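See structure below.
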Amino acid sequence: MENPISNSVRALIIGTWIAGLLWFERRRAPRTVHRSKLQRDVRNLVVAAPAGLVMQAVEMPLAFRLATVAKQRNWGVLPGLSLPSPVSLIVGFCCSITPYIGGTS
């Protein structure tokens, strides 16, 4: 299965995400600064870029195949709830971001 999101849209989403992270970090750093922020950002980008390429090349095709099989066989919690598609999409998104918002674990 091919990714339904075009490369330009994915690039826009990723670029916006990175810009937002950098902006928030410049406004209020999560920890005290001991070294140059520019050096740290460049180092993080050097590590993250190959990781992103590996995810796109290897993990995404596997994830889409698994998602296709799960959808065809009605696996998972959401198909059992019989929700309309838009509501199911919103519930699925909210469940996927729940670990990243709220309190600490």
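Just to confirm the filter: which GluC sites (Glu not before Pro) across the range 1-66 are DSSP coil and have at most 12 other Cβ within 10 angstrom of their Cβ? When the GluC sites (Glu not before Pro) of the range 1-66 are filtered for loop state and at most 12 Cβ neighbours within 10 Å, E2 remain.
Applying the Karplus relation 6.51 cos²θ - 1.76 cosθ + 1.60 with θ = phi - 60° to the range 13-26 yields 3J(HN,Hα) values of 5, 5, x, 5, 4, 5, 4, x, 4, 4, 5, 5, 5, 6 Hz, where x marks Gly and Pro. Between the helical axis of 85-97 and the longest alpha-carbon principal axis of the chain there is an angle of about 40 degrees. Restricting the calculation to Cα atoms, the chain shows an Rg/Rh of 1.05 when the hydrodynamic-style radius is the Kirkwood one. Taken along the Cα-to-beta-carbon direction at a fixed 7 Å, the label points for T16 and A51 span 2.3 nm. Shown is the FRET efficiency for I5 and V33, computed with R0 = 35 Å from the Cβ-Cβ distance and rounded to the nearest 0.05: 0.50. Count Lys and Arg as plus one, Asp and Glu as minus one, and take only other residues whose Cβ is under 11 Å from that of R43; the net charge is then +2.
The Cβ shell under 12 Å around G20 holds other residues with a net charge of +1, Lys and Arg each +1, Asp and Glu each -1. Over the chain, DSSP H runs of length four or greater, each weighted -39,500 (n - 2.57), average out per residue to a 222 nm ellipticity of -21000 deg cm²/dmol. Give me the angle, in degrees from 0 to 90, between the Cα long axis of helix 60-72 and the longest principal axis of the Cα atoms of the chain, rounded to the nearest 10. Helix 60-72 and the main axis of the chain meet at about 30 degrees.
Whole number please: convex hull volume per residue, Cα atoms of the range 20-67, in Å³.
Hull volume normalised by residue count: 100 Å³.
A short reminder: the numbers here are calculations on the coordinates, not readings from a lab. These numbers were taken from a predicted model, which means no experiment stands behind them. Ideal geometry is used to build each Cβ from the backbone, glycine not excepted, and the neighbour counts take in all protein chains shown.
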